[in-house]
Structures are given as C-alpha cells and as structure tokens.
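To start, the structure itself, in structure tokens.
Derivation of every value follows stated rules applied to the coordinates shown; laboratory data play no part. Just so it is clear, the structure is predicted and the values come from calculations on it, not from any experiment. Because the Cβ atoms are built from the backbone with ideal geometry, glycine has one as well, and the counts that use them run over all protein chains shown.
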There are 2 protein chains.
Amino acid sequence: MVERLAVIGIGLIGSSIARAARARGIAADVVLGDASEAVVRRAADLGLGSRVGTDLAGIVRDADLVIVCVPVGACGAVAELIGPALKPTAIVSDVGSVKGSIVRQMLPHLPDAGRFVPAHPVAGTEHSGPDAGFVELFDNRWCILTPTPDSAPDAVETLRDFWTRVGANVETMTPEHHDLVLAITSHVPHLIAYNIVGTAADLEEVTQSEVIKFSAGGFRDFTRIAASDPTMWRDIFLNNKDAVIEVLGRFSEDLAALQRAIRWGDGDALFDLFTRTRAIRRSIIDVGQDTSAADFGRRALNAATQTGG
Amino acid sequence: MVERLAVIGIGLIGSSIARAARARGIAADVVLGDASEAVVRRAADLGLGSRVGTDLAGIVRDADLVIVCVPVGACGAVAELIGPALKPTAIVSDVGSVKGSIVRQMLPHLPDAGRFVPAHPVAGTEHSGPDAGFVELFDNRWCILTPTPDSAPDAVETLRDFWTRVGANVETMTPEHHDLVLAITSHVPHLIAYNIVGTAADLEEVTQSEVIKFSAGGFRDFTRIAASDPTMWRDIFLNNKDAVIEVLGRFSEDLAALQRAIRWGDGDALFDLFTRTRAIRRSIIDVGQDTSAADFGRRALNAATQTGG
C-alpha cells in the first residue's frame, strides 16, 4: 500500500494507473501532473486524483511513489524538473517502452540512484489521452522491471508489489535485454505496420478508397497499430535505435528469402513457415495473452453494432 | 433466388456461403462437395446441405449456380472434374483470393465461357474448416466480381444479386486490377505478418517464451494473421507472384527509407508518417470496415473471460 502516488503524464497509461490505484485501493492518495493545461483540466473533470496540476515539482513534493508516464523523449526533462522536489525516500519509476535510454536520461537528475526503478508495463491500446485509460488495462499483462545496478532491493520490492496489485504479472530483466525483447515484440511490429500503411497510401495504381474498402483482407489489422500515438512512437524509435535496426535487419533478410521463395515457386518453403507461425499463435492464446475468438472477437461486436442500428 | 446451389470445397468460406444461402432463403436447395471424406462427414453432421459428397461431378450435375471454394492451386483440377457434368445453363463462380490465375486455370475446362463469373468475397477469419463458417461472415464486407470479356451480362447480374442477398456489397473490376488491389490490402500484409513471426521465432538472443509473454506490445496482432490456413496462403503467393513481388518491392524501399530516418535521427520524417497513417485508420472505421473499439474490442472479451473464470 502506497501513501501518496504521483503520476506525471496523464495519457492512456498514466490515467489507467491512477484509475487502477484508486479503484483497487493501492494508494491512499493519488495526485497527477501534466505539462498541458488542457490535459490537466480534463483529468480534473474526470476526477482522476485528489490534486491535478501543471506544476510538476509541486505535485511530486509529498509523494512516496512517483511514476513518470510521458513519451520517452521527455523523461530527462521531467526528471530534471522533479528531481530537486522529491522526498528523500520517494521511489521514482516510469513506464517507458525503452529502458536503456531512459536510465541514461533520468538517472543524472535524481537525488538517489537507489530509489530509481525503471519499469515498463507491456499493455496499451491504439487510443491516447486521459479519456483512453481504464482500470483493467494491465490485468494479466506483464510489467517488466529493469532495476539498475544501484536500485535498492526494497524499492524494487515495493514497485513489484505495486504492479502486482494493479493487476499485472511482474518480470525482471536488464534494461539492455528489455530493449532487445521489445524491439521484436513491439517496436519492429509497429514500424512495419506504419510502413505498410504508408506504402498503401502511396501506390498510384490502387486508389486510397480501394485500400480502405477492401481492408478486411488483412490490411485493417495493421492500421490499428499504425494509429498509435505519433509522438510516443517517434521517441521510441529514436531512443531504441540500435536494437530496432538490428532486428529490422533480420526481418529484411528473412523477407528477402521469402520473396525469393515466391519468385522461384518454392511452395514447400512457404508452407513450412506458414505452419510454424500457426503454433506461435496457439501458444500466445494458451498463456492468455490473446483471445482465440475469430478476428479478435470483432464478429460479436459487429453483430451488436448492426443490431443497434 | 437460385434453385440449386452447389458449393465445392467446404472450408470457412464454402460453409459460410452454404449457411447464409439457407438461413436467408437465397437458394431453394444447397448441395456440397469436398474431396475429403472427413470434411464431407463433418458437413453432413452439421447439416449444411441436402446432399454432401466427395463425387464432385455428381454434386454439381443439377446445380444452377456452382461456387468453387477450394485453395487457388486446386481450382484447375476441380474445373476439370466438374466441367463435363455441368448443366448448360449453370453459372460457375469461385471465391479465390487471386483472379488472373484462376481464370487461366478454370476457363479451359468449362463448357461455356459466358457462364463463368469469377468472384472474391473479401472476408475471412484466421480459422479454417467447415466448423469455422458462420452466416454473418460476409455482412457489410465487399465481394469483388471480376468478369472476363466472355462473361454474359445476365450471369454477372445473377451473381451480383446472389452476393447482395448473402449480405455483401458488390464491386466489379478486372482480374488484373483485383490482383494488384489484393496484393496491397491482403497478400503482402499476410506475407509480412508471417515473416515477422518467423523472424521472432529464430532470434537467438530472445527466447520464444519471452516473445509469447510480451506479445501484447503489438506482436500478437500479427500472429492472428500468421495463423491463417497454410495451404490457402501458399497457393495465393504462388499464383499472384508478379503483383506480390511488385508491392513487396515498394514496401521494402519504404522500409529502407524509414530505417535510414531512424539511423539518422530524423524524428520529423517519423512523426509525419505516423500521423498520416492514423488518418487511414479513421477512414476504415468511418466506412464500417472495422470497429473503433480499442484493441478491436478485446477488452470486453477479456473481462468476460475473466468473469467467467
């Protein structure tokens, strides 16, 4: 149980943490800060905490746990702002999708390296902003803690306990390994989704209206991911450059081999790959990280929409 | 209204057509054929038609409309089998995801080129087999008719009417244009989904269990598509080679440019693309080709699963 939780950055993730912390009684008090006046007003209207403001140093002053939920590229500036105002015992964490760069950005501005425990809840949707958050966002998702060599064990334990109560499963690894794991499970998938949607928009032989009309053939799945927050994702790619370029290199190599198999009519190579990938889908469903409902369950949703007019 | 509809190939698409034709009273009688004894038995158990069998020529003998729903690579052989048994007035169509190759495969074996109208309903899920079908699969999806220069206008009209009653919107284009449109909206998206899942499976530095655990970061969306039927998709790539390789070339060029932007830290280029792609997602939702619910509405589904134990 945390006495006072301060959430800095009130987007999808920050507002979901605040909602979960209050709904599940994990923090006695929740306060929130954001650089945007409009976001702060909206968060106040939504009643996300007892206090909401743009004065980030003022917001964190009495907090026992501070979670920074801003785009990766803004973490250094936020640490610089809040560092001098922190209680000596306050634990500082974050939710960034990149960890090595965040450690390098934030650590120099924090008063006590022992109280800093970087973290990354692997959850989200394509929607952004304070309205997009919800209590259950982290349920049965993984939160990865990436303590630095200086992180104090009790601080790591407190954060692990916090995320478990929020609803997540907790795993620990180094920042470097995290950045490689996420490059393949999240960053490169987003990059190729953005890329295919861009390629489709630029084809001269196929109109945009055709791309949109016939998107149910597979394309529409990519557009969901490619609708994610542009600032957040720009920062991720700029801050996880090495791992992303490394994994992208593998992807392009494999794609070239697949293209060669198509050109030469090597049906067995295609069939083998397409069978192997099916098994991975089954494992993801087996461990509860996705639904087995066809089309992610869109069918029921469509039916409901149609019935409702 | 069709007197007797024969569906050849009882998978996701064939069984959905049969279900819709009966449920919505579009055909007075529905008969089905499949080369597999097991599939025929299952279709009989499911009560999908008045007659089901492996003797494809026998099944089509009295049919007024024959729809071939087998993998693209098997269409020629099926046409050869059923050609001699067709009623002179019977309209023959198909549902293949590739059209140029199907015309080349089937036309030589059909008694009357005027009665042949190739078609492609752009709908499906990652599940396969007779059990995977459902009545509403084609509701508000597009069915593309690709008549050949020989197709008789009345045959095209009958088929248009049939698909409209099934629940689809109908569009007409040439087989060649179809194959290019589908290369970008369906075939290349499937190829890169299969490819990224393969790349992830082969990385030495990241374990398969990590890929599966942390798949909610984006990767899991790709695994749905990469769980589609391997035979069907092998045939699609082998039979739409030119358009797929052309679009893949564009995709790879664009990806190289994006990789360069990351390497050189060109945040504006990334931000611009990521903003442009968001607009396409909105259009797809606006025209009713996808749901606006976050994560395709998985959230409600997860909650239901968790409540249900």
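Per-residue 3J(HN,Hα) values for segment A:71-88, derived from phi via the Karplus relation 6.51 cos²θ - 1.76 cosθ + 1.60 with θ = phi - 60°, read x, 3, x, 9, 5, x, 5, 5, 4, 5, 5, 8, x, x, 8, 5, 5, x Hz in sequence order (x marks Gly and Pro).
The convex hull built on the alpha-carbon positions of chain A has an orientation-averaged projected area of 18.4 nm².
Residues whose amide H falls under 5 Å from that of A:T172, counting only those 5 or more places apart or on a different chain, are A:L145, with hydrogens built in the peptide plane. Between segment B:1-33 and segment B:181-202, what is the C-alpha centre distance in whole Å? Their Cα centres are 31 Å away from one another.
The amide H of A:L32, built 1.01 Å from its N in the peptide plane, has A:V7, A:R51, A:V52, A:G53 as neighbours under 5 Å, considering only residues 5 or more places off or on other chains. Each Lys and Arg Cβ is given +1 and each Asp and Glu Cβ -1; about its Cα centre, chain B then shows a dipole of about 560 debye. Label points for B:L107 are taken 7 Å from Cα along Cα→Cβ. From this copy to the others they lie 6.8 nm apart, shortest first. Among the GluC sites (Glu not before Pro) in segment B:191-288, those located in a DSSP loop and surrounded by at most 11 other Cβ atoms within 10 Å of their own Cβ are B:E204. Take B:V287, move 7 Å from Cα toward the beta carbon, and the resulting point lies 3.8 nm from the same point in each other copy, nearest first. Against chain A, whose longest principal axis is taken from its Cα atoms, helix A:37-46 shows a tilt of about 90°.
Distant-in-sequence amide contacts of B:C69, defined by a placed amide H-H separation under 5 Å and a gap of 5 or more residues or a different chain, comprise B:I8, B:G9. Computed 3J(HN,Hα) for segment B:54-62, one whole-Hz value per residue from the Karplus formula 6.51 cos²θ - 1.76 cosθ + 1.60 where θ = phi - 60°, is 9, 7, 4, 4, x, 5, 7, 3, 9, glycine and proline marked x. The dipole here belongs to segment B:177-265: it is taken about the Cα centre, uses +1 on the Cβ of Lys and Arg and -1 on the Cβ of Asp and Glu, and is about 200 debye. All Cα-Cα distances of the protein assembly as shown, cut into 20 Å bins from zero to the largest, leave 20, 48, 25, 7, 0 percent in each bin in turn. Cα centroids of segment A:79-130 and segment B:82-124: 61 Å apart. Summing charges over all other residues whose Cβ lies under 10 Å from the Cβ of B:A132, with Lys and Arg as +1 and Asp and Glu as -1, gives -3.
Measuring from each Cβ of chain B to the axis carrying B onto A, the nearest residue and its distance in whole Å come out as B:F296, 2. Here, segment A:177-307 has an Rg and a Dmax of 17.2, 49 Å when only alpha carbons are counted. Based on C-alpha pairs under 8 angstrom that are at least 6 apart in sequence, chain B has a relative contact order of 15 percent. Does anyone have the angle between helix A:241-263 and the longest principal axis of chain A? Alpha-carbon axes, 0 to 90°, nearest 10? Result, in degrees: 10.
To the nearest whole number, what is the average tally of beta carbon atoms from other chains within 10 Å of the beta carbons of peptide B:236-243?
Partner Cβ neighbours, averaged per residue: 3.
Charged side chains reduced to their Cβ positions (Lys and Arg at +1, Asp and Glu at -1) give the protein assembly as shown a dipole of some 1040 debye around its Cα centre.
The mean sequence separation of alpha-carbon pairs under 8 Å and at least six residues apart, normalised by the residue count of segment A:47-151, gives a relative contact order of 23 percent.
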